[in-house]
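Presented below is the structure to which this report refers.
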Amino acid sequence: MKRLEQSIVAATIITLAGCGATVWGQTARVSDAPFKYPQAKKVDVVDDCHGTKVADPYRWMENLDSPEIKAWIEAENKITFGYLEAIPQREQIRKRLTRLWDYEKYGTPARHGGRYFFSKNDGLQNQSVLYVAESLDATPRVLLDPNKLSEDGTVALAGGAISDDGKLFAYGLADAGSDWVEYRVRDIDTGKDLPDHIKWIKFSGVSWTKDGSGFYYSRFDEPQDGKLESVNYYNKLYFHRLGTDQAGDKLVYHRPDEKEWGFSGDVTDDGRYLIISISKGTERKNRVYYMDLEGGDRRIVELLDDFDAQYSFIDNDGPLFWFNTDLAAPRGRVIAIYTRRPERENWKEIIPQAQETLQGVNVLNDTFVASYLKDAYSQVKLFDLSGKHVRDVEFPGIGSAGGFGGKRDETETFYAFTSFGVPTTVYRYDMQTGRSTICKQPQIDFDPDSFVTKQVFYTSRDGTRVPMFITHEKDLKLDGSNPAYLYGYGGFNVSLSPWFSISNVVWMEMGGVYAMPNIRGGGEYGKAWHDAGRLKNKQNCFDDFIAAAEWLIENKYTRPDKLAIGGASNGGLLVGACMTQRPELFGACLPDVGVMDMLRFHKFTIGWAWTSDYGSPDDPQMFEVLRAYSPLHNLKPGTAYPATLITTADHDDRVVPSHSFKFAAALQAAHAGDKPTLIRIETRAGHGAGKPTAKIIEEIADKWAFLVRTLGVQPLGK
């Protein structure tokens, strides 16, 4: 069940029921602000949504292939890059980022068939390279180097799985940041690719059979119109037999009556069962079916079909299945289901719910390795198969730990540990002795002792206690004059925990404060914390973030004109909502690939799946909730908004760039102040996954230069 995969972190948009539209052309007035923005045509599109008239003058920006939008993109980028390149400190920032970035970065090793597989980036390579070694002490050799697959580094490894015997590697490649992935198979001994070629995969890995004869995967049908913004429905689970054409792949399971169901198929480590997890969008609930691969009829058994909770398959002991679930345990617990007596009265609790939030579980050396979050930082506890606590894994401090992969009979595993001042370090863990030893420790040109991190708790608008990490240079004076960058997400059960970032180091070297609150909507405190920030409770996310900003100001870390806020994807929505609700509270805003049109998000690619967090605009009650905070629909003409740098990419097929395009055009038209409101549109890039190092450094340099200019930040070398 343990696959060598790069995870793609998550979210995105279709028409409102009963919304008819009539369109004819009209030109918008150019903003009176000192910045001369490109003229963005307005069209008379008015939707009748549940009796409410909603204008959408920039509807034409949803046609991403039109000559008009391409001309507008070119004009906006000309202004934005002209502004950014004229900032004197930008080149200095870019050089410092490049120098710090240039260190060896290792991924956590995985063991298959006695071989070790790991990723490594020499420093400034656009993409990490996958290596294989016969032992931990052996000289590794390159298995796959994505940097050789494109001139600009925009082809990325987007998933993969090693066969059980360590001889075959099924790997997925994504081009220009797209969520669409194509899989091929490489012979690990020869380094040569086999003829197998699998297309139209999105949000799916692959899982090999025990004998390596083939693998299971999920896919969508090929889009008939060929457009990246086309909606994705009717996922299907297939089996591909090695050496055959994809056209002959066996359809294992699909539901033509359930267009929103998605499937993942994973073969158990013993090779006996195919576990089929069925989800609907981004709901925390799922169904679990299974197929006995040694059974004669290969029938699918609907083991968990109530869609009443989240069930994550851990491992099995023959017909005994272990699950991590939030059923009657919002912070998670481990249960056992004996599939020959699957009735609920026969279920057994193995590890009860704890005060901490259970994130994931694996079985190694006949021991449960359970990863928890305690106030948003990692704890890992070991239990025997009866549920008795064995020991805790000791970490070097408060931070984030990930890894602990492997199979049930293995006595070694690997994990990575990081924190705000601790670069990602890879450890080998001995399951028998409980000893951790460093495998790879990076060497970086900075002094971690010059920074300090602390966790505070503040009170949100409704009295909820919210944690926040704050990190900065040790000699920082709390006089209210410091530039601060407040970063958040707050949705889809995503937890933010301490992590090392070169970009944040450079920000703090310029005297900046970095603050990261764990607002509601995330998974830091389990299901209840997530539920408190979704659907009709979504405003709590914005209130929590605003309260974090106010706390930083009240406690003299910064002041409004020195405070910037940032976030990506759902975090971009967070920034957009907060800057439209409290424009006077912030000096600068950096919404990245944000969901900005909350009335049409469900009409494109996988956007319909987000209704589990946002609700659907087709629901009259949720329409009112969404309209109340939708960033695009809450811009007020004549308002002085903070300096804003919107970032998106022309190949983002998750949160389609029309969100950012429409928001930028509307913001520039509404803005009455003298601060810049710019949009930076990356080419040959997507939602963020697989972005080349060179593009990442350039984008960060632009963001920090923008803040240096708009917030009056002290330049490097002060």
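Note down all Cβ pairs under 6 Å where the first residue falls in region 323-348 and is farther than 17 Å from residue 527 by Cα, the second is among the basic types (Lys, Arg) and modelled with pLDDT of 95 or more, and they're at least six residues apart or on different chains. Matching pairs, first to second residue: 336/348. Apart from one condition, residue 159 fits all of (1) touching a Gly at 6+ places or on another chain (Cβ under 8 Å); (2) in the same structural domain as residue 684 (by TED's automatic domain parsing); (3) not hydrophobic (A, V, I, L, M, F, W, C); the exception is (2).
Select from region 544-554 the residues that are under 17 Å from residue 516 (Cβ atoms) and of a type in the set (D, E, K, R) and list them in ascending order. Walk me through how you get there before you give the answer.
Pass one, region 544-554, residues under 17 Å from residue 516 (Cβ atoms): 544-553.
544, 550 - these are the residues of region 544-554 that are under 17 Å from residue 516 (Cβ atoms) and of a type in the set (D, E, K, R).
For region 298-316, enumerate the residues that are within 20 Å of residue 270 (Cα to Cα) and loosely packed, with under 13 Cβ neighbours inside 10 Å. Within region 298-316, 298, 299 qualify.
Within region 433-445, is there a residue that is in a strand (DSSP E or B), among the hydrophobic types (A, V, I, L, M, F, W, C), surrounded by fewer than 16 Cβ atoms within 10 Å (Cβ to Cβ) and outside the structural domain of residue 413 (by TED's automatic domain parsing)? No, the conditions are met nowhere in region 433-445. Only one entry in 404, 420 is in contact with a Leu (Cβ under 9 Å, 6 or more places away or on another chain), surrounded by 14 or more Cβ atoms within 10 Å (Cβ to Cβ) and under 29 Å from residue 453 (Cβ atoms), namely 404.
Please enumerate the residues belonging to region 460-495 that are outside any strand (DSSP E or B), of a type in the set (A, V, I, L, M, F, W, C) and buried (at least 22 other Cβ atoms within 10 Å of the Cβ). Working first, answer last.
Here is the first cut: in region 460-495, the ones outside any strand (DSSP E or B) are 460-464, 474-483, 488-495.
Filter once more, so that each one left must be of a type in the set (A, V, I, L, M, F, W, C): 476, 478, 492, 494.
The one that is outside any strand (DSSP E or B), of a type in the set (A, V, I, L, M, F, W, C) and buried (at least 22 other Cβ atoms within 10 Å of the Cβ): 492.
Whether a residue is assigned to a loop (DSSP other than H, G, I, E, B), among the polar types (S, T, N, Q), crowded, with 19+ Cβ neighbours inside 10 Å and touching a Ser or Thr at 6+ places or on another chain (Cβ under 9 Å) was assessed, and residue 605 passes this test.
Matching residues to (1) in the same structural domain as residue 620 (by TED's automatic domain parsing); (2) surrounded by fewer than 18 Cβ atoms within 10 Å (Cβ to Cβ); (3) in a helix (DSSP H, G or I):
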residue	(1), (2), (3)
533	yes, no, no
542	yes, no, yes
546	yes, no, yes
557	yes, no, no
565	yes, no, no
572	yes, no, yes
576	yes, no, yes
579	yes, no, yes
584	yes, yes, yes
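Every test in (1) crowded, with 18+ Cβ neighbours inside 10 Å; (2) of a type in the set (A, V, I, L, M); (3) in contact with a helix residue (DSSP H, G or I) (Cβ under 8 Å, 6 or more places away or on another chain) is passed by residue 124 save one, and that test is (1).
Inspect region 400-417 for any residue being assigned to a loop (DSSP other than H, G, I, E, B), within 28 Å of residue 525 (Cβ to Cβ) and not acidic (Asp, Glu) and give the result as yes or no.
Step one: list which residues in region 400-417 are assigned to a loop (DSSP other than H, G, I, E, B), which gives 404-411.
Filter again for within 28 Å of residue 525 (Cβ to Cβ), leaving 404-405.
Within this subset, residues satisfying the condition of being not acidic (Asp, Glu) are 404-405.
Yes.
Selection of region 506-522 for residues being farther than 24 Å from residue 579 by Cα and either acidic (Asp, Glu) or surrounded by 24 or more Cβ atoms within 10 Å (Cβ to Cβ) (or both) yields only 509. Only a single item in (1) closer than 24 Å to residue 521 by Cβ; (2) of a type in the set (D, E, K, R); (3) touching a strand residue (DSSP E or B) at 6+ places or on another chain (Cβ under 8 Å) is not met by residue 308, and it is number (3). Summed over region 160-195, the residues that are at pLDDT below 95, at positive phi and touching a strand residue (DSSP E or B) at 6+ places or on another chain (Cβ under 7 Å) give a count of 1. The set of residues in region 137-172 being of a type in the set (A, V, I, L, M, F, W, C) and more than 18 Å from the chain's Cα centre (by Cα) consists of 138, 142, 143, 144, 149, 155, 161, 162, 168, 169, 170. For region 656-680, a residue qualifies if it is surrounded by 23 or more Cβ atoms within 10 Å (Cβ to Cβ), more than 11 Å from residue 76 (Cα to Cα) and basic (Lys, Arg), and exactly one does: 662.
Residue by residue, here is whether (1) crowded, with 21+ Cβ neighbours inside 10 Å; (2) over 30 Å from residue 712 (Cβ atoms) holds:
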| site | (1), (2) |
| --- | --- |
| 91 | no, no |
| 136 | no, yes |
| 139 | no, yes |
| 162 | yes, yes |
| 167 | no, yes |
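The values are calculated or read from the model by the stated rules, or taken from the named source; none is laboratory data. Please read all numbers here as calculations on a predicted model, not as lab measurements. As a convention, Cβ positions derive from the backbone with ideal geometry for all residues, glycine included, and neighbour counts pool all protein chains shown.
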